[in-house]
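**Student:** Okay, here's the structure, questions in a sec.
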Amino acid sequence: MSHLLEHHFIEAKKQNRNAQKALYEMFSGKMLSIALSYTGNLHDAEDVLQNAFYKGFTKINDCKDWKTFPGWLRRIVINESISFLRQNQKIVYSDISEIAEEPEIESDFADISLEEIFTQMPTGYKVVFNLFVFEDKKHQEIAELLRITEGTSKSQLNKAKRWISEYLKTQCYEQ
(Lines give C-alpha, C1' and ligand atoms only; values in the text may rest on other atoms or scores of the structure.)
Protein backbone atom coordinates (compact mmCIF):
# COMPACT_ATOMS: atom_id res chain seq x y z
CA MET A 1 0.00 0.00 0.00
CA SER A 2 2.84 2.43 0.78
CA HIS A 3 4.12 2.15 -2.78
CA LEU A 4 0.65 3.00 -4.11
CA LEU A 5 0.30 5.86 -1.65
CA GLU A 6 3.63 7.30 -2.75
CA HIS A 7 2.69 7.02 -6.44
CA HIS A 8 -0.78 8.57 -5.97
CA PHE A 9 0.64 11.33 -3.78
CA ILE A 10 3.25 12.31 -6.39
CA GLU A 11 0.65 12.24 -9.17
CA ALA A 12 -1.91 14.17 -7.08
CA LYS A 13 0.68 16.92 -6.64
CA LYS A 14 0.63 17.19 -10.44
CA GLN A 15 -3.18 17.68 -10.21
CA ASN A 16 -3.84 14.23 -11.69
CA ARG A 17 -7.57 13.69 -11.03
CA ASN A 18 -7.28 9.89 -11.09
CA ALA A 19 -4.58 10.02 -8.42
CA GLN A 20 -6.70 12.39 -6.33
CA LYS A 21 -9.63 10.01 -6.66
CA ALA A 22 -7.41 7.10 -5.59
CA LEU A 23 -6.25 9.04 -2.50
CA TYR A 24 -9.85 9.90 -1.71
CA GLU A 25 -10.81 6.23 -1.93
CA MET A 26 -7.85 5.23 0.26
CA PHE A 27 -8.60 7.70 3.04
CA SER A 28 -12.25 8.77 2.86
CA GLY A 29 -13.56 6.06 5.20
CA LYS A 30 -11.15 6.82 8.01
CA MET A 31 -11.43 10.58 7.55
CA LEU A 32 -15.23 10.36 7.52
CA SER A 33 -15.19 8.59 10.88
CA ILE A 34 -12.95 11.35 12.27
CA ALA A 35 -15.32 14.05 10.97
CA LEU A 36 -18.29 12.10 12.34
CA SER A 37 -16.70 11.94 15.78
CA TYR A 38 -16.73 15.75 15.82
CA THR A 39 -19.97 16.62 14.02
CA GLY A 40 -22.17 13.87 15.42
CA ASN A 41 -24.15 13.24 12.25
CA LEU A 42 -23.35 11.73 8.89
CA HIS A 43 -24.69 14.55 6.72
CA ASP A 44 -22.49 17.18 8.39
CA ALA A 45 -19.51 14.79 8.47
CA GLU A 46 -19.84 14.24 4.71
CA ASP A 47 -19.86 18.01 4.14
CA VAL A 48 -16.75 18.39 6.29
CA LEU A 49 -15.09 15.51 4.44
CA GLN A 50 -15.71 17.08 1.03
CA ASN A 51 -14.38 20.45 2.18
CA ALA A 52 -11.33 18.82 3.78
CA PHE A 53 -10.43 16.88 0.64
CA TYR A 54 -10.95 19.95 -1.51
CA LYS A 55 -8.65 21.95 0.75
CA GLY A 56 -6.20 19.06 0.90
CA PHE A 57 -5.97 18.74 -2.87
CA THR A 58 -5.66 22.50 -3.41
CA LYS A 59 -2.90 22.75 -0.80
CA ILE A 60 -1.24 19.38 -1.42
CA ASN A 61 2.04 21.08 -2.30
CA ASP A 62 2.26 22.19 1.36
CA CYS A 63 2.66 18.53 2.29
CA LYS A 64 6.29 17.75 1.56
CA ASP A 65 6.37 13.96 1.89
CA TRP A 66 3.94 11.15 1.05
CA LYS A 67 4.72 9.51 4.42
CA THR A 68 3.26 12.46 6.30
CA PHE A 69 0.21 12.79 4.04
CA PRO A 70 -2.21 10.75 6.22
CA GLY A 71 -1.45 12.82 9.34
CA TRP A 72 -1.48 16.04 7.35
CA LEU A 73 -4.90 15.18 5.90
CA ARG A 74 -6.17 14.18 9.35
CA ARG A 75 -5.27 17.63 10.71
CA ILE A 76 -7.18 19.24 7.85
CA VAL A 77 -10.25 17.10 8.63
CA ILE A 78 -10.09 18.02 12.32
CA ASN A 79 -9.66 21.72 11.57
CA GLU A 80 -12.50 21.63 9.04
CA SER A 81 -14.72 19.86 11.60
CA ILE A 82 -14.03 22.53 14.20
CA SER A 83 -14.56 25.31 11.65
CA PHE A 84 -17.85 23.74 10.59
CA LEU A 85 -19.06 23.52 14.19
CA ARG A 86 -17.97 27.08 14.90
CA GLN A 87 -19.62 28.46 11.73
CA ASN A 88 -22.84 26.65 12.48
CA GLN A 89 -22.66 27.60 16.15
CA LYS A 90 -22.99 23.99 17.21
CA ILE A 91 -20.35 24.17 19.94
CA VAL A 92 -21.92 24.99 23.26
CA TYR A 93 -19.74 25.09 26.36
CA SER A 94 -21.21 24.66 29.80
CA ASP A 95 -20.32 27.03 32.59
CA ILE A 96 -17.04 26.26 34.28
CA SER A 97 -17.52 24.37 37.52
CA GLU A 98 -15.17 22.73 39.95
CA ILE A 99 -13.37 19.78 38.48
CA ALA A 100 -14.59 16.66 40.23
CA GLU A 101 -12.78 13.39 40.73
CA GLU A 102 -12.34 11.08 37.77
CA PRO A 103 -15.54 9.09 37.20
CA GLU A 104 -15.36 5.35 37.57
CA ILE A 105 -16.68 3.45 34.57
CA GLU A 106 -17.81 -0.14 34.78
CA SER A 107 -16.12 -2.47 32.32
CA ASP A 108 -18.98 -4.63 30.99
CA PHE A 109 -20.02 -2.61 27.93
CA ALA A 110 -19.20 -4.81 24.96
CA ASP A 111 -22.37 -3.89 23.03
CA ILE A 112 -21.86 -0.12 23.09
CA SER A 113 -20.08 1.57 20.19
CA LEU A 114 -18.06 4.78 20.38
CA GLU A 115 -19.99 6.08 17.39
CA GLU A 116 -23.23 5.70 19.36
CA ILE A 117 -21.75 7.57 22.31
CA PHE A 118 -20.36 10.40 20.17
CA THR A 119 -23.59 10.96 18.26
CA GLN A 120 -25.38 11.64 21.55
CA MET A 121 -22.68 13.49 23.50
CA PRO A 122 -23.07 17.29 23.64
CA THR A 123 -20.85 18.89 21.01
CA GLY A 124 -18.80 21.06 23.37
CA TYR A 125 -17.86 18.01 25.43
CA LYS A 126 -17.19 15.90 22.34
CA VAL A 127 -14.83 18.35 20.65
CA VAL A 128 -12.65 18.84 23.74
CA PHE A 129 -12.71 15.10 24.53
CA ASN A 130 -11.65 14.18 20.99
CA LEU A 131 -8.83 16.71 20.93
CA PHE A 132 -7.54 15.70 24.35
CA VAL A 133 -7.92 11.92 24.12
CA PHE A 134 -7.56 11.06 20.43
CA GLU A 135 -5.39 13.92 19.20
CA ASP A 136 -3.25 14.11 22.36
CA LYS A 137 -3.61 17.89 22.63
CA LYS A 138 -2.86 19.73 25.88
CA HIS A 139 -5.48 22.01 27.43
CA GLN A 140 -3.52 25.10 26.39
CA GLU A 141 -3.50 23.93 22.75
CA ILE A 142 -7.21 23.10 22.89
CA ALA A 143 -7.99 26.51 24.38
CA GLU A 144 -6.11 28.28 21.58
CA LEU A 145 -7.64 26.12 18.86
CA LEU A 146 -11.22 26.56 20.10
CA ARG A 147 -10.78 30.13 21.35
CA ILE A 148 -11.79 29.26 24.90
CA THR A 149 -9.97 29.45 28.23
CA GLU A 150 -7.80 26.65 29.51
CA GLY A 151 -10.20 26.31 32.46
CA THR A 152 -13.12 25.81 30.10
CA SER A 153 -11.18 23.11 28.28
CA LYS A 154 -10.49 21.29 31.56
CA SER A 155 -14.09 21.68 32.63
CA GLN A 156 -15.44 20.37 29.32
CA LEU A 157 -13.16 17.32 29.48
CA ASN A 158 -14.28 16.55 33.00
CA LYS A 159 -17.93 16.99 32.04
CA ALA A 160 -17.40 14.74 29.01
CA LYS A 161 -15.98 12.02 31.26
CA ARG A 162 -18.92 12.35 33.66
CA TRP A 163 -21.36 12.35 30.73
CA ILE A 164 -19.80 9.15 29.34
CA SER A 165 -19.91 7.57 32.79
CA GLU A 166 -23.60 8.40 33.22
CA TYR A 167 -24.37 7.27 29.68
CA LEU A 168 -22.65 3.93 30.25
CA LYS A 169 -24.41 3.44 33.58
CA THR A 170 -27.74 4.11 31.91
CA GLN A 171 -26.94 1.63 29.13
CA CYS A 172 -25.86 -0.96 31.68
CA TYR A 173 -29.18 -0.68 33.52
CA GLU A 174 -31.13 -0.99 30.26
CA GLN A 175 -29.37 -4.25 29.27
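**Student:** Report the calculated FRET efficiency for Asn61 and Thr149 (r = Cβ-Cβ distance, R0 = 35 Å), to the nearest 0.05.
**Tutor:** Calculated value: 0.45.
**Student:** Here's something else I'd like to know. What does the charge add up to near Val48, with Lys and Arg as +1, Asp and Glu as -1, over the other residues with Cβ less than 11 Å from its Cβ?
**Tutor:** So the surrounding residues net to -3.
**Student:** Given the pairs Lys30/Lys64; Lys30/Lys59; Lys14/Lys55; Lys137/Lys161; Lys30/Lys67, which span a C-alpha to C-alpha distance of over 18 angstrom in this model?
**Tutor:** As for pairs spanning more than 18 Å Cα to Cα, those are Lys30/Lys64; Lys30/Lys59.
**Student:** Further, regarding this structure: Calculate I(q)/I(0) for the range 115-155 by the Debye formula, one identical point scatterer on each C-alpha and no solvent, and give its log10 at q = 0.24, 0.34 Å⁻¹ to two decimals.
**Tutor:** Taking Cα atoms of the range 115-155 as identical point scatterers yields -0.74, -1.17.
**Student:** What's the local net charge at Lys138, with K and R +1, D and E -1, over the other residues with C-beta under 11 Å away? Can you show the working numbers first?
**Tutor:** Working: positive: Lys137, Lys154; negative: Glu135, Asp136, Glu141, Glu144, Glu150.
Charge balance in the 11 Å sphere: -3.
**Student:** Ranked from the most accessible area to the least, with a 1.4 Å probe and all protein chains present, what is the order of Glu115, Glu11?
**Tutor:** Result, largest first: Glu115, Glu11.
**Student:** Then there's this: Put one equal scatterer on each alpha carbon of the range 1-49, apply the Debye formula with no solvent term, and list log10 I(q)/I(0) at q = 0.13, 0.16, 0.23, 0.32 1/Å to two decimals.
**Tutor:** Once normalised to I(0) and log-transformed, intensities are -0.36, -0.51, -0.76, -1.02.
The values are calculated or read from the model by the stated rules, or taken from the named source; none is laboratory data. The structure displayed is predicted, hence computed values, not measured ones. As a convention, Cβ positions derive from the backbone with ideal geometry for all residues, glycine included, and neighbour counts pool all protein chains shown. What goes into the accessible areas is simple: the full protein's heavy atoms, side chains included, and nothing from ligands, DNA or RNA. Shrake-Rupley method; radii C 1.70, N 1.55, O 1.52, S 1.80 Å.
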